[in-house]
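Colleague: I am attaching a structure below and will ask some questions about it afterwards.
The values are calculated or read from the model by the stated rules, or taken from the named source; none is laboratory data. Quick caveat: nothing in here was measured; it's all calculated off a predicted structure. Glycine also receives a Cβ, built like all others from the backbone with ideal geometry; neighbour counts cover every protein chain displayed.
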Amino acid sequence: MSVSRTVLRPFLVSLALAIVILPRVSAADDHHAGIWFVNQFRAPLGERLSLHGMLQNRWNDEIGDYERTVVRPWVSYSWPEGAHLAVGYDLHEFESPDRHEHRAWQRIAYQHPVDHFTLLAHAWLEERFFQNTDDIALRLRLNWGAATELGRDFGLLLRNEIFFDLNGTSRIRNAGLGENQLVLALGRKLPGNLLFEVGYLQQYVDRRGGDDLYNHFVMTGFSWRAPQLADWL
């Protein structure tokens, strides 16, 4: 099956952006490791509408410090030909310092089967509300990747996501590149519409003036009625 120019264009643009970003990632000085425990569910509300929920627990600094809890409910609507629209909300509760962040977000996603693979892409707009400030930080997340089945019960995902801050606030110094996340993940289907997932996440954080961060995480968790590794983040 040939891939159309319309499908290839966003992937080529994203690849060019990654080539620009990679030298900055390799120059990052700070390195940390940790683990993210991710559990999620999906409940159908009709033929095309679904309710989703996710709970994340994150440990950083060689798994020595509990960093945050993330609660994420959202609603998605699937269109024909592999397109999805979603709106959702995030609550980020940080352990140290004791603070929280609220996020509203909107996402459009697309999946396109090509031979034995499925190409994945999404654009995600976030409105971030920080504690003790009236500022609203806008962030655009661009994600692309590919997933494939390994036999009847296993799946593999490779994806990359770039985070762009669209405005400067009291918490975000200025607009520009904020993060890059590269994920390689393996999923195993279990009885009862359950999926177990484990993966590796490489995170680059541009601190804009401070020492950049270059982090490594193990990601693991369960999904119920949501057999898509692409919904992890």
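Colleague: Out of 198, 218, report the one residue that is exposed (fewer than 14 other Cβ atoms within 10 Å of the Cβ), touching a strand residue (DSSP E or B) at 6+ places or on another chain (Cβ under 6 Å) and either in contact (Cβ under 8 Å) with a residue 60 or more places away in the chain or β-branched (Val, Ile, Thr) (or both).
Modeller: 198
Colleague: Out of all the residues in segment 70-83, which are more than 16 Å from residue 51 (Cα to Cα) and touching a Lys or Arg at 6+ places or on another chain (Cβ under 8 Å)?
Modeller: 70
Colleague: Is there a residue in segment 162-183 that is farther than 29 Å from residue 102 by Cβ, part of a loop (DSSP other than H, G, I, E, B) and in contact (Cβ under 8 Å) with a residue 24 or more places away in the chain?
Modeller: Narrowing segment 162-183 to residues farther than 29 Å from residue 102 by Cβ: none.
The answer is no, given that none of the residues of segment 162-183 is farther than 29 Å from residue 102 by Cβ, part of a loop (DSSP other than H, G, I, E, B) and in contact (Cβ under 8 Å) with a residue 24 or more places away in the chain.
Colleague: Being more than 27 Å from residue 49 (Cα to Cα), surrounded by 19 or more Cβ atoms within 10 Å (Cβ to Cβ) and either out of contact with any Phe, Trp or Tyr (no Cβ under 9 Å at 6 or more places or on another chain) or not hydroxyl-bearing (Ser, Thr, Tyr) (or both), is that true of even one residue in segment 133-151? Spell out how you get there, then give the answer.
Modeller: At the first step, the residues of segment 133-151 found to be more than 27 Å from residue 49 (Cα to Cα) are 133-137, 150-151.
Now narrow it down to the ones that are surrounded by 19 or more Cβ atoms within 10 Å (Cβ to Cβ): 137.
Narrowing further to those that are either out of contact with any Phe, Trp or Tyr (no Cβ under 9 Å at 6 or more places or on another chain) or not hydroxyl-bearing (Ser, Thr, Tyr) (or both): 137.
Looking for residues that are more than 27 Å from residue 49 (Cα to Cα), surrounded by 19 or more Cβ atoms within 10 Å (Cβ to Cβ) and either out of contact with any Phe, Trp or Tyr (no Cβ under 9 Å at 6 or more places or on another chain) or not hydroxyl-bearing (Ser, Thr, Tyr) (or both), one finds at least one in segment 133-151, hence yes.
Colleague: Follow-up question, since we're still on this one. Sort out which residues of segment 81-94 are modelled with pLDDT under 90 and either part of a strand (DSSP E or B) or within 12 Å of residue 68 (Cα to Cα) (or both), and write them in order of number. Give the steps one after another, and end with the answer.
Modeller: Filtering segment 81-94 for residues modelled with pLDDT under 90 gives 81-82.
Of everything in segment 81-94, nothing turns out to be modelled with pLDDT under 90 and either part of a strand (DSSP E or B) or within 12 Å of residue 68 (Cα to Cα) (or both).
Colleague: Can you tell me which of (1) surrounded by 14 or more Cβ atoms within 10 Å (Cβ to Cβ); (2) at pLDDT below 90 is the one residue 1 doesn't meet?
Modeller: Looking at each condition in turn, residue 1 falls short on (1).
Colleague: Further question on the same structure: Exactly one condition in (1) surrounded by 15 or more Cβ atoms within 10 Å (Cβ to Cβ); (2) modelled with pLDDT of 90 or more is not met by residue 167; state its number.
Modeller: It is condition (1) that residue 167 fails.
Colleague: Suppose the filter is assigned to a strand (DSSP E or B), more than 19 Å from residue 175 (Cα to Cα) and either touching a residue at least 40 places away in the same chain (Cβ under 8 Å) or not β-branched (Val, Ile, Thr) (or both); does residue 123 pass it?
Modeller: In short, no.
Colleague: Something else about it: If residue 201 meets every condition in (1) part of a loop (DSSP other than H, G, I, E, B); (2) under 25 Å from residue 222 (Cα atoms); (3) of a type in the set (A, V, I, L, M, F, W, C) apart from one, which number is that one?
Modeller: Failing condition for residue 201: (1).
Colleague: Still on this structure, please answer the following. Output the residue which, of all residues in segment 70-87 that are surrounded by 15 or more Cβ atoms within 10 Å (Cβ to Cβ) and under 15 Å from the mean Cα position of the chain (by Cα), is farthest from residue 32 (Cα to Cα).
Modeller: 86
Colleague: I'd like to check something: does segment 12-33 contain any residue that is surrounded by 13 or more Cβ atoms within 10 Å (Cβ to Cβ) and modelled with pLDDT of 80 or more?
Modeller: Checked against the condition, which is being surrounded by 13 or more Cβ atoms within 10 Å (Cβ to Cβ) and modelled with pLDDT of 80 or more, segment 12-33 yields at least one hit.
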